[in-house]
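Encoded as structure tokens, the structure appears first; notes follow it.
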Amino acid sequence: MSAVVDPVRSFLELEKLLEREPEGSQGEIARGVYMMTPRPRAAHGGAQVNLGAALRLRFGWGEGIEAPEWLFVAEPEIRSEENLSRLVPDLAAWRRSTTGWPDLNETPVSLAPEWVAEVLSPTTERFDRREKMGAWGAMGVGWVWLVDVDRRQVETFANVRGTMVAGPILPADAELAAEPFGSLGLAVARLFPG
């Protein structure tokens, strides 16, 4: 006779492991799967900052924007006990008129974002594409962008009934234009340092 596993209890135990992670590493839980990774390389951070700056300038707190619709946050910790997940996307965004904005003094954040970007690294790509993508879909995130520094492209995904479905792949020479933002007025290549 086998023991019955309580998935919520297992998730809570995994969260205790996260709290004990050493400096310089990052742990995440996606639908009950635990993953610890080293800090990413500098090219990853450069792409993350460039994308965040472009989005913030166009939709956030840029000049002439009195009441921004979008809130962009780098590396927020998102928690969903219902989906057995505690994740840290590279960038996340909430829209005031649909999801509302989370309490930025709360960590982890319990309000799922409307959009997420993951900058792929060799050490995280498999986890980002499989477990995290499934978790984002189950949590109700509307769109996910995978920013691939090595291939110099952006892959887009939209949530269809809880599953992230692949959309356009934007190569380096294409304009960065995808849902939910439309055109950002720059080439995809501008995201990548060097």
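The values are calculated or read from the model by the stated rules, or taken from the named source; none is laboratory data. All values derive from a computational prediction rather than experimental measurement. As a convention, Cβ positions derive from the backbone with ideal geometry for all residues, glycine included, and neighbour counts pool all protein chains shown. SASA here: full protein model, heavy atoms, side chains in, ligands and nucleic acids out. Shrake-Rupley method; radii C 1.70, N 1.55, O 1.52, S 1.80 Å.
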> Helix 42-59: angle to the longest alpha-carbon principal axis of the chain, degrees 0 to 90, nearest 10?
Replying inline: 60
> So how exposed is residue 78, as accessible area in Å² (1.4 Å probe, rounded to 10)?
Replying inline: 0
> Carbon and sulfur together cover what percent of the accessible area of the chain at a 1.4 Å probe radius?
Replying inline: 53
> Regarding segment 1-137, what is the average projected area of its C-alpha convex hull, in nm²?
Replying inline: 9.8
> Once you list every other residue whose beta carbon is under 14 Å from the beta carbon of residue 162, what net charge do they have if Lys and Arg are +1 and Asp and Glu are -1?
Replying inline: +1
>> Nearest 500 deg cm²/dmol is fine: what mean residue ellipticity at 222 nm does the chain get from its DSSP H runs of n ≥ 4 alone, each adding -39,500 (n - 2.57), divided by its residue count?
In response: -6000 deg cm²/dmol
> Relative to the longest principal axis of the chain, what angle (0 to 90°, nearest 10) does the C-alpha long axis of helix 7-19 take?
Replying inline: 70
>> Suppose all protein chains stay in the model; what accessible area per residue would a 1.4 Å probe give for segment 19-95, in Å²?
In response: 51
>> What distance in nm separates the two pseudo spin-label positions at residue 57 and residue 125, each 7 Å out from Cα along the beta-carbon direction?
In response: 2.9
